[in-house]
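Trainee: Got a structure here, written out as structure tokens. Questions coming.
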Amino acid sequence: MSEPVTVAVLGAGNRGREAYGEYILRHPEEIRVVAVAEPDKDKRSLFSKEHNIPEENQFSSWEELLSRERLADGIIIATLDKMHIEPTRKALKRGYDILLEKPIAPTLQETISIAREAQKYSNNILVAHVLRYTNFYRGLKEILKKGIIGKIRFVDHIENIGFYHFAHSYVRGNWRNTEVAAPIILAKSCHDMDILYWLLEKKCKNLSSHASLEYFTEKNQPEGASDRCLYCGVEEDCPYSARKIYLNENTGWPASVITTDLSYEGRYKALKEGPYGRCVFKCDNNVPEVQTVRMLFEDDIEVNFALTAFSNEITRTTNIYGSKGEIRADFENGVIEIYEFGRHKSVMTINKDTGGHGGGDTGLMKHFVKVLRGELKTEGLTSLSASIESHIMAFAAEKARDRKSVISLDELKNDIINK
């Protein structure tokens, strides 16, 4: 058996440590971490201990790590959204193959600039569009390729974010405000834009969008509520209570995000002092809790997409309507129902692989290992060039929402290219 490939990791948070890091710990014969950059001392120390990283390869900043000559075969960039651009440019120059957490960059101009920069080098860049690697969406794509439901005419795709996930990430957490992170249609739903583009194998021609933030605002804070859940008189009746979400028997995600001390006392302290203990009605959030996008794809395929904070389950549902039948697909439950008009109904249950995102995180890491070994003769499944289209769709949706108008994607691309 060949020696394991090596990687450096920028960002030892939820994605860097819990998604990619955990895969590496489970597969030491395939891949190992030899260096890490993480500004949080506790996170850096914990990650380094888990992966036996020598002290000389533990860095407090990505700049420090990338100032060195290349330390590994590849690099995983799992920093916050607004810290993707310069590390990616520097990693390209250093000769690393790159696994880049989505989104590629928080603006369209920056996304295009990274794509242009990458053309100067022979390095591989994989973008973390993990849904393409799941058994579920691979199975759905195979069904569509067989043409069972005829010509596709309409798709209705909903991202059910989940009430507590939305409160955690988009009201209290790192993606709550566009001043510090990419807009939600990009940060969260570029997954959905990408999977629609990949499943249909068609490009979006134009779109419109509407979004609103109405519930998670100060005007809806209940009478008697406190600005922190630990001292709130109505917390017991609130489904968004930080006590309920973080002070329970689960010390995995999302509790693992709020502190490295996962004891009850450590989590309590985090809620007392940190952003995750705030009342959801008294945060500095500005991202919409509901957004819809109306799209026209090539071949006159009509597509509706919606994201919603207000769902019990965290899942994606995709209904596809064709000239000879329809498909109803539920990602979380792994069920695909196929209705052939005038004939019969069939049901497929698709087992998930291990790992987050229905096995997508595992599939992505397996793919990245193959890239680092040089085993792929073509661009990766979620190469930078394959991933750009979803980002253009998301940026167009944000522009359409802001302008309350229909946006042509070709015109948007031309505007950027000609700048």
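The values are calculated or read from the model by the stated rules, or taken from the named source; none is laboratory data. Predicted model, so just to flag it, every value in this text is computed and none were measured. Virtual Cβ from ideal backbone geometry, glycine too; neighbours counted across all protein chains shown. All accessible areas refer to the heavy atoms of the entire protein, side chains included, with ligands and DNA or RNA removed. Shrake-Rupley method; radii C 1.70, N 1.55, O 1.52, S 1.80 Å.
Trainee: Identify, by number, the condition in (1) part of a loop (DSSP other than H, G, I, E, B); (2) under 26 Å from G274 (Cβ atoms) that G150 doesn't meet.
Mentor: Every listed condition holds for G150 apart from (2).
Trainee: Starting from segment 270-297, keep only residues that are closer than 30 Å to K151 by Cα and outside any helix (DSSP H, G or I), then list their pairs with residues that are open to solvent by less than 10 Å² (accessible area, probe 1.4 Å) and of a type in the set (F, W, Y) whose Cβ atoms are within a distance under 6 Å, requiring at least 6 positions of separation or different chains.
Mentor: As it stands, the answer is V293/F305, since those pairs meet every condition given.
Trainee: Return yes when S113 is of a type in the set (G, A, S), under 18 Å from S385 (Cβ atoms) and touching a residue at least 24 places away in the same chain (Cβ under 8 Å) and no when it is not.
Mentor: Values: of a type in the set (G, A, S): yes; under 18 Å from S385 (Cβ atoms): yes; touching a residue at least 24 places away in the same chain (Cβ under 8 Å): yes.
Yes; evaluated as a whole, the condition is true for this residue.
Trainee: Considering segment 280-312 alone, what residues qualify as being more than 19 Å from I184 (Cα to Cα) and of a type in the set (K, R)?
Mentor: K282
Trainee: Which of (1) over 25 Å from G173 (Cα atoms); (2) modelled with pLDDT of 95 or more; (3) open to solvent by 60 Å² or more (accessible area, probe 1.4 Å); (4) among the polar types (S, T, N, Q) does N312 not meet, given it meets every other one?
Mentor: Exception for N312: condition (1).
Trainee: If you take the residues of segment 334-352 that are more than 16 Å from E142 (Cβ to Cβ) and either part of a loop (DSSP other than H, G, I, E, B) or in contact with a Pro (Cβ under 7 Å, 6 or more places away or on another chain) (or both), which of them is most open to solvent (accessible area, probe 1.4 Å)?
Mentor: Top of the filtered list is R343.
Trainee: Within segment 70-86, take every residue that is under 12 Å from A8 (Cα atoms) and not aliphatic (A, V, I, L, M) and give me the one that is most open to solvent (accessible area, probe 1.4 Å). Please lay out each step first, then the result.
Mentor: We begin by selecting, within segment 70-86, every residue under 12 Å from A8 (Cα atoms); these are 70-78.
When the remaining residues are screened for being not aliphatic (A, V, I, L, M), the result is 70, 73-74.
On the way: R70: 122, D73: 56, G74: 0 Å².
Taking the candidates together, the pick is R70.
Trainee: Also, quick follow-up: Which of the residues spanning segment 228-250 are surrounded by 14 or more Cβ atoms within 10 Å (Cβ to Cβ) and in a loop (DSSP other than H, G, I, E, B)?
Mentor: C232, V234, C238, Y240, S241, L247
Trainee: On to the next question. I'd like to verify a number: residues in segment 210-224 that are assigned to a loop (DSSP other than H, G, I, E, B) and either over 18 Å from S169 (Cα atoms) or in contact with a Cys (Cβ under 9 Å, 6 or more places away or on another chain) (or both), how many?
Mentor: We begin by selecting, within segment 210-224, every residue assigned to a loop (DSSP other than H, G, I, E, B); these are 213-217, 221-224.
Still in the running and either over 18 Å from S169 (Cα atoms) or in contact with a Cys (Cβ under 9 Å, 6 or more places away or on another chain) (or both): 216, 221-224.
Final tally of qualifying residues: 5.
Trainee: Let me ask something else about it. Quick one: which of G363, G355 is assigned to a loop (DSSP other than H, G, I, E, B), surrounded by 19 or more Cβ atoms within 10 Å (Cβ to Cβ) and under 19 Å from the mean Cα position of the chain (by Cα)?
Mentor: Numbers: G363 fails: assigned to a loop (DSSP other than H, G, I, E, B).
From the options G363, G355, the qualifying one is G355.
Trainee: Same structure again: Under 8 Å by Cβ, and 6 or more places apart or on different chains, what pairs join a residue from segment 213-227 that is closer than 13 Å to C238 by Cα with one that is aliphatic (A, V, I, L, M) and not in a helix (DSSP H, G or I)?
Mentor: Listed pairs, sorted by first residue: F216/V280; F216/A309; P222/V234; E223/V234; G224/V234; A225/V234.
Trainee: Then there is this: Which of the numbered conditions does K43 fail, given that it passes all the others? Conditions: (1) open to solvent by less than 80 Å² (accessible area, probe 1.4 Å); (2) in contact with an Asp or Glu (Cβ under 9 Å, 6 or more places away or on another chain); (3) farther than 23 Å from L372 by Cβ.
Mentor: (2)
Trainee: Is there a residue in segment 260-276 that is at pLDDT 95 or above, among the charged types (D, E, K, R) and crowded, with 19+ Cβ neighbours inside 10 Å?
Mentor: Yes, that holds for at least one residue.
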